Amino acid sequence: GAAMQRFLGPLLCLWALRLPAGTSAAARGLDVASYRERVRAMFYHAYEHYLESAFPYDELRPLTCDGQDTWGSFSLTLIDALDTLLILGNVSEFQRVVNVLQEGVDFDIDVNASVFETNIRVVGGLLSAHLLSRKAGVEVEAGWPCSGPLLRMAEEAARKLLPAFQTPTGMPYGTVNLLHGVNPGETPVTCTAGIGTFIVEFATLSHLTGDPVFEDVARKALKALWKNRSDIGLVGNHIDVITAKWVAQDAGIGAGVDSYFEYLVKGAILLQDKELMSMFLEYNKAIRNYTKFDDWYLWVQMYKGTVSMPVFQSLEAYWPGLQSLIGDVDNAMRTFLNYYTVWKQFGGLPEFYNIPQGYTVDKREGYPLRPELIESAMYLYRATRDPTLLELGRDAVESIEKISKVDCGFATIKDLRDHRLDNRMESFFLAETVKYLYLLFDPDNFIHNDGSDFDVVVTPYGECVLNAGGYIFNTEAHPIDPAALHCCRKRKEEQWEVEDLMREFYSRKKTKKFTLKRPPDHGEGENAKDPEDASSEKSGEKRNSKKSSHSLLSCPSQSFNSKLAVLGQVFLDNT
């Protein structure tokens, strides 16, 4: 009780300070709807110029109005922007792009690709679009969400990455050739994030396709990092994946490490996995003890804990959002406000900021329109409704429009001191920055669904609930519906039998009646309905939870759910 009071006491005081009676963003003169529309206009200014001047290249070069391949040759900006289209409500363009990608994207190419970037942008973008495609009015095939063209593309891309994981430690190489696998002579040094940022996409793939290999390699890599942490509980920046020797021994929460911590938390929530969460909580203690000073986080030597760089990197700004996911809103808010002061000083976050000197670091003065601070604001606004968070959103819109908008899109800011620009628009601008801004200003977006409405989908394995909220964003802001992971649990052999039955059923339609039994290893809900009864729901009409029938899947409560109650349970427990 006392410990709880110690934790909640300051939180409640801050709460009272932060939200005087009647204070709202509107009262402070911030018109949320008009900012939402400005963000929408921002998206289309960038997106239309990409289509006009850069497609089918990966990225738009906004100063010369042309395109370039950066991370492969996948029309990357199109894949990355696809789910943002739906979040903005544009179903017709979403449908068009799905067709374009099916026709035009090929992963059988002689290209050296970043394993990390291909996973988060391509695999993540395709999985998210696959799971949202029915909501976007795409005609999905009979076995969806356990099959579909975008899922097959995501699986194909992920298979191209698997050779990277064939190392003595299970930690992957950083680069793979999509045609030939790992190049002879490839460097064995990979950054920590490049090893620990796979569980969200790969576990989703395994659950949807029934092939465990993806989740297995992702888990093995996570555990190898955990095993190689230092005695004081920290991990460094780069490691040799053959020998497991740390090459860069700086420990912190920013570049090179960041999304490893993020995926321990998000993987724990997505998979209801206590082991991943306890790993994170252990790291969290070490990070607090060794790297945190006055609500800033510094870089320290991973074995000794001595400060190696007193800098804040813009990539670290995801951390308050991550803290909010584990319920540590008070600390999150204090760190967020530190980072926001830097934004206000420069009109953006420089890549590196020297904390003691209060200024940028030489050669690191740029802001490539990164999303991380806005991402944290979006999460914290859901948790607190503090209007200060909307003000960061306002400042971001004003800054980006004023400094980086050009005739052909939005350009990376090369130097925040004199506003020089660079001829590049990273695909994450449309995947993440614009998406998080829009979601900050759109409280009623379907992404924020609290479970009060949902779709019931009939799959070969019984009914399942989708689009009930609790989406987990991958580190490129591609939302994954956690409920989907429970739609397709099956073993490969059973899958084929059931798919044959489904095919027979759909080809004969009403001529033959039979009941599909759910595989016995399911352990959730009841047997599948007779497909005849189900055909009315094939169109997946919305149902309200209050009217839900008893045969919906239930999900056993787990003790550590209480911590993650914000995300709610994705299935309705009608017991």
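Name the residue, out of ASP407, ASP450, that is open to solvent by 10 Å² or more (accessible area, probe 1.4 Å) and touching a Gly at 6+ places or on another chain (Cβ under 6 Å).
Of the residues listed, the single one that is open to solvent by 10 Å² or more (accessible area, probe 1.4 Å) and touching a Gly at 6+ places or on another chain (Cβ under 6 Å) is ASP450.
Of all residues in the range 168-218, which are polar (S, T, N, Q), more than 25 Å from ALA484 (Cα to Cα) and crowded, with 22+ Cβ neighbours inside 10 Å?
Within the range 168-218, THR190, THR192 meet the criteria.
So, restricting to helices (runs of 4 or more DSSP H) that lie completely within the range 27-140, which ones have at least 2 residues that are open to solvent by 10 Å² or more (accessible area, probe 1.4 Å) and of a type outside the set (Lys, Arg)?
Ranges flagged: 32-49, 91-104.
For the range 141-183, name all the residues that are assigned to a loop (DSSP other than H, G, I, E, B) and among the small types (Gly, Ala, Ser).
ALA142, GLY143, SER147, GLY148, GLY170, GLY174
May I ask you to say which residue of SER536, SER507, SER452 is at pLDDT 50 or above, of a type outside the set (Asp, Glu) and over 26 Å from the mean Cα position of the chain (by Cα)?
When all the criteria are applied, what remains is SER507.
Quick one: GLY72 ticks every box in (1) modelled with pLDDT of 95 or more; (2) touching a strand residue (DSSP E or B) at 6+ places or on another chain (Cβ under 8 Å) except a single one, so which number is it?
Only one criterion is unmet by GLY72, namely (1).
Only one of (1) of a type in the set (Asp, Glu); (2) touching a strand residue (DSSP E or B) at 6+ places or on another chain (Cβ under 9 Å); (3) in contact (Cβ under 8 Å) with a residue 40 or more places away in the chain is not met by GLU186, so which one is it?
It is condition (3) that GLU186 fails.
So if I check each of LEU271, LEU234, LEU222, which one is over 22 Å from the mean Cα position of the chain (by Cα) and not basic (Lys, Arg)?
Only one candidate passes the filter, namely LEU234.
Please determine, by comparing only the residues of the range 263-312 that are open to solvent by 70 Å² or more (accessible area, probe 1.4 Å) and acidic (Asp, Glu), which one is farthest from GLU201 (Cα to Cα).
The selected residue is ASP294.
Determine, yes or no, whether ALA221 is touching a Pro at 6+ places or on another chain (Cβ under 9 Å) and surrounded by 21 or more Cβ atoms within 10 Å (Cβ to Cβ).
Yes; evaluated as a whole, the condition is true for this residue.
Which one of these is hydrophobic (A, V, I, L, M, F, W, C), modelled with pLDDT of 95 or more and under 20 Å from VAL235 (Cβ atoms): PHE346, PHE336, PHE261?
PHE261
Taking MET333 as the residue in question, decide whether it is open to solvent by less than 10 Å² (accessible area, probe 1.4 Å) and at negative phi.
Spelling it out, MET333 is indeed open to solvent by less than 10 Å² (accessible area, probe 1.4 Å) and at negative phi.
Consider ARG382 carefully, then state whether it is part of a loop (DSSP other than H, G, I, E, B) and basic (Lys, Arg).
no
Of the residues SER399, SER324, SER376, which is under 19 Å from the mean Cα position of the chain (by Cα) and open to solvent by 10 Å² or more (accessible area, probe 1.4 Å)?
After ruling out the rest, the residue left standing is SER324.
The values are calculated or read from the model by the stated rules, or taken from the named source; none is laboratory data. For clarity, every value in this text was computed on a predicted model and none was experimentally measured. Please note: Cβ atoms are built from the backbone with ideal geometry, for glycine as well, and neighbour counts cover all protein chains shown. Heads up: the accessible areas ignore ligands, DNA and RNA and are worked out on the full protein's heavy atoms, side chains in. Shrake-Rupley method; radii C 1.70, N 1.55, O 1.52, S 1.80 Å.
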